[in-house]
Structures are given as structure tokens and as C-alpha cells.
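These notes concern the structure reproduced below.
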Amino acid sequence: MQHVYQPHVRVRFAPSPTGMLHIGGLRTALFNFLFARHTSGKFLLRIEDTDKERSQQRYIDAILKTLQWCRLTPDEPLVIQSERQDEHVRVAEQLVEEHKAYYCYCTQQEVQSRVGQTTIDGVSYLRYDGFCRKFIGQPRNSQKSYVIRFAVPENCSEITVEDVIKGNITFASDTFDDFILVRSDGAPMYNFVVVVDDAFMRITHIIRGEEHLINTPKQILLYQACGYPLPTFGHLPLILGADGSKMSKRDAAANAFDYMDRGYLPEALCNYLVRLGWSHGDQEIFTLTQMVDAFTLDAISSKGALFDNQKLDWVNSVHLKSSNAAALYEYMKQVMNLPLDRHFTHWSYATIMQLIDLYKQRCVTLQDLYCELILLYKRPTVFEISELTFEQKKLLDSLITLLNITEFTHQILAGCIKEFCKTQEIKLGDLGPLIRVALTGKKDAPGLYDLMTALGKQETISRLTTYYLV
Ligand code: GLU
Ligand code: ZN
């Protein structure tokens with residue numbers, strides 16, 4: 001599909017640095033990124049660090065690193081929410097001036113004694129009764145501690161969120177009271193800063209997790225009060241655990257970056273994630289370009305998506321197979337910091353490339369591939385190959401003699417070994433496993449001739465000789 005040219009599209013990913021970036025967060029970032037690329041719009045990043053107690057620099061670093069690993073890099077400089085606090089307070093004061101907000105001097109105990117706790121949808125909270133609304137339009141009493149409260153418009157009985165994914169959702173106004181914009185310690189509240197910052201960043205589409213839908217009606221009221229143009233909202237379906245319940249640590253690594261250490265390719269993880277709530281016919285495997293080309297908001301499902309580790313493994317193995325060996329080698333070295341150069345000193349670069357090409361066909365992750373190569377490099381242990389009968393030793397002895405005068409190409413080796421089986425009156429199916437164990441220590445190994453050509457004549461013969469000597 002052609003890219004739709006919507007030059008004004010500006011989307012953002014707005015993580016709170018109170019923990020590592022989890023799978024759900026990474027999917028939100030990816031969907032925003034893909035939508036921006038598909039529409040030739042801009043993808044922005046904002047760090048929502050207003051919760052001072054829980055926000056930590058190390059989480060900011062980890063979030064940035066994870067996004068960079070997946071190449072979901074923003075098109076404009078990072079916006080740090082806490083750096084904009086003065087601006088948030090300025091906008092709140094402006095709303096007070098315009099009689100859309102007011103100073104409230106009630107303590108929490110006072111509110112509680114007047115109205116008690118209310119329970120809505122199982123969540124119990126303090127609904128403010130509007131006691132200080134009478135101060136609307138009055139200057140602040142500088143003797144008293146205060147919060148700034150939003151004056152929910154009186155004529156508002158319900159708010160409808162027009163969600164591009166979920167359709168229209170109407171909230172009754174009793175779900176919100178005159179909520180706080182700025183706390184008594186001067187810290188602006190979450191729903192308010194999100195709106196001020198999204199307007200400042202000229203965000204056109206807010207694509208975020210379903211758990212934020214509950215905030216949207218309040219935010220819509222704030223857009224209206226501030227006179228900001230209303231963005232389009234789209235709330236992504238939840239990611240559920242394999243059994244359909246809330247996703248737990250057992251279902252997925254809590255931290256998206258763990259997948260890097262485990263040897264998943266970022267393009268595979270993104271490919272897997274894009275299908276969690278979005279589809280394009282029955283296509284499962286996408287390159288990044290294909291994802292960008294195909295990605296539209298109307299193909300996002302409103303239903304929850306199940307996290308399936310086995311499918312992720314499969315997607316990763318497909319991407320591994322189609323990756324170039326040299327690129328995988330560089331990736332293992334540079335990104336996964338695996339000490340490849342230190343390990344395989346006796347192997348030439350060409351040998352390593354051939355072996356990566358062979359083993360990438362049979363591995364799920366790059367960790368698996370790396371372990372396979374290490375095992376192969378170490379050579380089979382005596383224990384693994386000591387099961388040999390006298391007959392088998394004799395057989396290998398003759399084979400070694402033959403291999404010594406054979407050129408090591410796939411084709412010639414294939415011809416020569418078939419011939420050998422004929423003269424020795426044995427089946428290739430019996431000889432193959434012997435050679436495989438001698439070369440790798442395992443019966444289950446890549447194709448015989450590929451393996452022998454990759455290892456080369458000298459090493460193949462030397463390994464067979466060790467086998468023979470045991
Ligand atoms: N900071 C919020 C979070 O990490 C996202 C808020 C939003 O996208 O509006 O869940
Ligand atoms: Zn009050």
C-alpha cells in the first residue's frame with residue numbers, strides 16, 4: 001500500500017520512567033512509530049517523570065536503550081516533562097484567571113468529613129463536593145495552603161470519547177469531580193500535564209494503552225478549557241497472558257530489553273509485537289518496511305491480544321534464517337557484546353560465516369546459535385565419542401584415508417562419501433551419524449557436507465582422527 005501523505009501527523013510515546021520498558025510499552029512505541037512512518041509524520045518521545053519518588057534516571061536510560069535497540073528513535077529532541085513544570089503551573093494559573101479553575105483550601109480531612117468515600121467501578125476515592133467553587137474569580141488567599149482545582153463545566157453531564165480503535169465510548173460526568181490540577185506542594189497533576197504537553201508538542205493522534213482510556217474524558221475537558229485542538233484518540237487493546245488473563249511475568253519477560261540478552265532480533269520482536277492487536281490479512285512475517293507500508297489504525301483490533309512465547313520463538317527463527325551471516329556476526333559482537341573474536345581464534349572469518357549460515361537455520365535465538373558455535377569450536381569430548389565399536393573405528397580409518405585425497409567442496413564430498421558407502425557396503429544413514437558425532441559431538445547437526453566444507457579439510461580430518469584414536 002502507498003504511504004498516505006498526512007504531513008501533519010505527530011504522535012508520541014510517553015513512558016513513565018518508574019520501571020523498565022515492558023512488552024506492552026514497547027508495542028505502544030512501535031504502533032506510534034509505524035503510524036508516523038506510514039503517514040510521513042513525526043514520532044516523538046516524552047519522558048513523563050512527574051512522579052518524583054518513583055522516577056529514576058536508570059529507567060530513563062533503559063527506556064532509551066530499548067527504543068534504540070529496536071530502532072524506534074524519535075524525530076525530534078526528547079521532551080522531559082519535569083522540565084516543563086513552570087509552564088504547567090502557568091497554564092493552571094491562566095485557567096484560574098479565566099474562571100475555569102479555582103483555588104481550593106480544603107484539607108483532605110475536611111473533604112472527607114463532608115462527602116466521605118465514594119466507590120465507582122470498584123475503586124474508592126474521594127469525590128470533591130465543589131465547596132471552594134464559591135472562590136471562582138477571587139484572588140488567592142496567600143495565608144492558606146491551596147490546591148488548584150479544575151471547575152468541571154456545569155452543563156456537562158457526559159463526555160464521549162471518539163476512539164478510532166474502540167469506537168465511541170460515553171462516560172457519565174459523575175465519574176469525575178472538580179479534580180486537582182496542581183497539588184499543594186506546587187506539583188502539577190498527571191492528567192493535566194499530559195494535556196499541556198501534548199498540546200505543546202502539537203500531537204495530532206494519541207495512541208496509547210487501553211488502561212489510559214479512563215483518563216481521556218478528563219483530558220478532553222481540559223483540551224476544551226485550554227482551547228487546544230482536540231487530538232484523535234486510539235486506545236490499544238490489552239496484551240493478555242497465554243491463558244487470557246492479565247499478563248504475568250511468566251508470560252513474557254517483564255523487561256523488553258531482556259529479549260536482547262536472550263538473543264531475539266529487534267526486527268523479530270517488533271514483527272511479533274505488531275501482530276498483537278493489529279493484522280494485515282493473514283500475513284505473519286514482516287520486514288520493517290513491510291510493516292510501515294501496511295500499518296493503518298483501522299486495522300487495529302479492539303479486542304485483547306494473547307502473548308504467545310512459542311510464536312515469538314517462531315518469528316525470531318524466521319528472521320534469523322533470512323539474516324545475513326556477517327550482519328548476525330556484527331550484531332552478536334556489537335549489540336550483544338559476545339566475545340566472538342576471543343573465542344574462535346582458530347577459525348577463519350569465512351569459516352565462521354559458513355557456520356553461522358548453517359546454524360542459523362536450526363536455532364531459535366542468537367544465544368542458541370552462539371552456544372552451538374562454542375560447543376562446536378570446543379570439539380566433542382572423549383565422553384561423547386567413546387562409544388565407538390572396533391568396526392566403526394576401522395570404517396573411519398578408511399574414510400580418513402580417502403578424505404585426505406579429496407577436494408572439500410559440497411559436491412565432491414557428496415559424491416565421494418556415497419561412493420565410500422557403496423564400497424564399504426554400509427548405508428549413508430549409518431555412516432552419517434558417526435561422522436556427525438565425530439565432528440560435533442551430537443547426532444543432530446547440520447547437513448554433513450555443509451558442515452565438512454565449513455570446517456575445512458584439515459579440521460574435519462583432525463576431528464575424525466581424534467574420534468578414531470579414542
Ligand atoms: N506515562 C504514561 C505511561 O507510561 C502514558 C501516558 C499517555 O500515553 O498518555 O503509561
Ligand atoms: Zn475546597
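Values as computed for the structure displayed
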| read-out | value |
| --- | --- |
| Kirkwood Rh and Cα Rg combined as Rg over Rh, evaluated for the chain | 1.17 |
| Lys, Arg +1 and Asp, Glu -1 on Cβ, resulting dipole of segment 86-182 about Cα centre, debye, nearest 20 | 420 |
| Gap separating the Cα centres of segment 87-122 and segment 36-63, nearest whole Å | 28 |
| Carbon/sulfur fraction of accessible area - the chain, other protein chains in place, 1.4 Å, % | 51 |
| Estimated dipole of the chain in Debye, rounded to 20 [Cβ of Lys and Arg +1, of Asp and Glu -1, Cα centre] | 620 |
| For Gly209, residues with placed amide H under 5 Å, excluding near neighbours | Leu236 |
| Per residue solvent-accessible surface (Å²) - segment 184-263, probe of 1.4 Å | 41 |
| Amide H contacts under 5 Å for Asp163, placed H, 5+ residues apart | Asn168, Ile169 |
| Added length on full extension, which subtracts the Cα-Cα distance from 0.36 nm per residue, Lys134 to Lys333 | 65.0 nm |
| No Cys partner within the rule (Cβ under 4.7 Å), the chain | Cys70, Cys106, Cys156, Cys226, Cys270, Cys363, Cys371, Cys416, Cys421 |
| Ile148 accessible area, 1.4 Å probe, all protein chains in place, Å² to nearest 10 | 0 |
| Positive-end residue, the chain charge dipole about Cα centroid, Cβ charges, pick of Leu44, Thr118, Thr107 | Leu44 |
| Eligible lysines near Lys311 by straight Cα distance, threshold 16 Å, same-chain separation 8 or greater | Lys321 |
| DSSP bridge pairs, the chain: antiparallel proportion in percent, nearest 5 | 55 |
| Solvent-accessible area per residue, Å², over segment 325-469 with all protein chains present [probe radius 1.4 Å] | 52 |
| Options Gly24, Met353, His205, ranked by Cα towards positive dipole end of the chain, top entry (Cβ charges) | Met353 |
| Heavy-atom SASA rank of His8, His38 (probe 1.4 Å, accessible area, largest first) | His8, His38 |
| Sequence ranges 355-364, 390-399, 220-229, ranked by mean other-Cβ count within 10 angstrom, highest first | 355-364, 220-229, 390-399 |
| Three-way shape call for segment 86-182 based on the alpha-carbon gyration tensor, with the a/c threshold at 1.5 | oblate |
| Karplus 3J(HN,Hα) series, Hz, for segment 285-296 with 6.51 cos²θ - 1.76 cosθ + 1.60 (x for Gly, Pro) | 9, 9, 7, 4, 4, 5, 5, 4, 4, 8, 6, 9 |
| Of Lys360/Lys393; Lys52/Lys144; Lys360/Lys442, those spanning more than 23 Å from alpha-carbon to alpha-carbon | Lys360/Lys393; Lys52/Lys144 |
| Percentage relative contact order, segment 325-469, counting C-alpha pairs under 8 Å, at least six apart | 30 |
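The values are calculated or read from the model by the stated rules, or taken from the named source; none is laboratory data. This one's a predicted model, so the numbers in the text were calculated from it and none came from an experiment. So basically every Cβ, Gly included, is an ideal-geometry build from the backbone, and we count neighbours across all protein chains shown. SASA here: full protein model, heavy atoms, side chains in, ligands and nucleic acids out. Shrake-Rupley method; radii C 1.70, N 1.55, O 1.52, S 1.80 Å.
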